[in-house]
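Before any comments, here is the structure.
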């Protein structure tokens with residue numbers, strides 16, 4: 001047992017396992033994409049995409065002031081804030097009306 005521990009007490013059990021970092025990255029990326037797909041119900045559509053949370057909140061306020069329920073999904077990376085987007089979803093029954101209301105924000 002003492003042979004498997006280093007001075008700081010961490011196990012060295014996995015030190016002999018070789019992990020391809022790029023392969024691991026791609027595996028985790030696909031895993032989380034599949035996992036996030038299950039977050040939103042099938043009948044919700046993304047109507048707005050932004051790199052900034054405040055822009056998505058403005059779009060959400062416009063929609064909610066017009067009686068359209070919307071949900072913001074933050075897909076920004078927690079470490080590298082430049083990666084990922086903020087998505088705004090509405091029920092598919094309200095998709096066309098929502099797109100019409102926020103069309104000016106996209107420009």
Looking at (1) surrounded by fewer than 13 Cβ atoms within 10 Å (Cβ to Cβ); (2) over 19 Å from residue 97 (Cα atoms), find the lone condition where residue 64 falls short. (2)
Which of the following residues is within 19 Å of the chain's Cα centre (by Cα) and surrounded by 16 or more Cβ atoms within 10 Å (Cβ to Cβ): 45, 75? 45
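No value in this document is a laboratory result; all are computed from the given coordinates. The shown structure was predicted, so the numbers you read here are calculated from the model rather than taken from an experiment. Counting neighbours? That spans all protein chains shown, and the Cβs are built from the backbone with ideal geometry, glycine included.
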